[in-house]
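Data first, discussion second: the structure below is written as structure tokens.
The values are calculated or read from the model by the stated rules, or taken from the named source; none is laboratory data. As the structure is a prediction and not an experimental result, all values here were calculated from the model. Note that each Cβ is placed from the backbone with ideal geometry, even for glycine, and that neighbours are counted across all protein chains shown.
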Amino acid sequence: MIHFHYETAGSKLSSVYSEPEQFMSVDTSVNANDASLDGLIDLARYPLNDLDGEAGRALIDQCRRQLEDDGCVVLKNFVPEQALERLERETERLSPEAHYNQTETNPYNSDADPSKPASHPLNRFDDRTNGFVAGDRIGNDTIIRQVYRNADFQRFIATVVGMEEIHQYADPLADLVVNVLREGCQHPWHYDTNEFIVTMMTRQSHGGGRFEYAPGIRSPEGENFEEVEKVIDGDRSRLKSLDLQPGDLQIFFGRYSLHRVTPVEGDKERHTVIFAYAKEPGFIGRPERAQRIFGRMAPVHEQLLKDGMERSDSLVD
């Protein structure tokens with residue numbers, strides 16, 4: 001059984017970034033329930049509008065058990081069939097706005113360690129190529145923006161992950177993001193620095209683009225490098241692989257579970273929406289990361305350029 005530490009002082013809780021972020025006081029007040037979820041998600045199957053009812057409580061309990069046991073829960077067909085076509089059109093229309101960045105990275109997004117052998121995970125680098133559509137390109141009339149802002153959806157996510165409440169990310173670029181992977185793009189083995197991430201697939205590629213993970217392979221107490229090395233070498237004995245489809249919602253604890261998205265095959269892009277929430281209001285992505293991920297900064301990032309950062313654990317990344 002996997003045990004997760006939710007109360008990470010100063011940590012962002014869901015993000016496009018796999019790196020620490022920054023806090024500042026920003027007013028992000030909105031009418032969080034400005035659109036009904038009716039027709040946008042399957043409320044008969046997933047009664048987010050009645051979480052205190054019997055079916056709602058059962059859904060929460062089921063999700064919590066899966067997260068505790070496995071670090072991941074997938075809600076299949078979260079978006080009903082009648083909304084799927086519109087959902088795919090939304091991200092297809094947005095995908096040309098994606099900014100692509102390519103880098104060589106190890107699972108810890110750190111420098112190599114020359115004191116370790118070449119086979120050590122710290123010295124295992126692979127190509128990471130991703131495209132990201134920034135949040136300020138995603139309109140309020142889109143399904144994904146309406147779901148992101150909805151109070152019932154936020155309450156559901158917070159309850160499932162064990163938080164009293166969550167808040168919309170204050171970063172105008174990284175609050176709601178579309179990840180675009182075209183042919184050959186991949187996100188190699190890595191961890192998230194945030195405790196959890198919420199994503200929704202809107203378009204699947206013809207081939208590849210599979211989400212694979214090793215649940216709880218490390219802990220706050222240790223990196224477990226030996227087992228990580230086995231996974232990188234191709235040992236699949238502890239791996240799980242998800243067959244994600246458009247309309248599926250995924251809640252994933254990636255801080256201690258090594259995971260990757262395999263290279264996309266074919267000429268059909270893979271689109272995934274990333275919903276960014278924080279434990280407290282006012283979280284902003286690091287300016288240099290905004291520049292790298294989105295190719296630009298928002299005015300609010302300029303206020304953070306001189307601010308330091310706080311870490312809440314002693315893990316490598």
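Numbers at a glance
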{"item": "Within region 184-280, strands (runs of 3 or more DSSP E) holding 1 or more residues that are within 21 Å of residue 66 (Cα to Cα)", "result": "197-203, 211-214, 240-242, 249-252, 258-261, 270-275"}
{"item": "Verdict on residue 179 being modelled with pLDDT of 95 or more, surrounded by fewer than 17 Cβ atoms within 10 Å (Cβ to Cβ), over 24 Å from residue 64 (Cα atoms) and of a type in the set (S, T, N, Q)", "result": "no"}
{"item": "Region 162-175, subset surrounded by 22 or more Cβ atoms within 10 Å (Cβ to Cβ) and closer than 24 Å to residue 51 by Cα, residue modelled with the lowest pLDDT", "result": "169"}
{"item": "Any hit, region 136-155, residues being at negative phi, free of Cβ contacts under 8 Å to residues at least 12 places away in the same chain and aliphatic (A, V, I, L, M)", "result": "no"}
{"item": "Filtered residues of region 104-117 (kept if on the phi < 0 side of the Ramachandran plot, under 19 Å from the mean Cα position of the chain (by Cα) and in contact (Cβ under 8 Å) with a residue 24 or more places away in the chain)", "result": "105, 107, 108"}
{"item": "Complete set of residues in region 123-160 that are among the acidic types (Asp, Glu) and over 27 Å from residue 109 (Cβ atoms)", "result": "141, 152"}
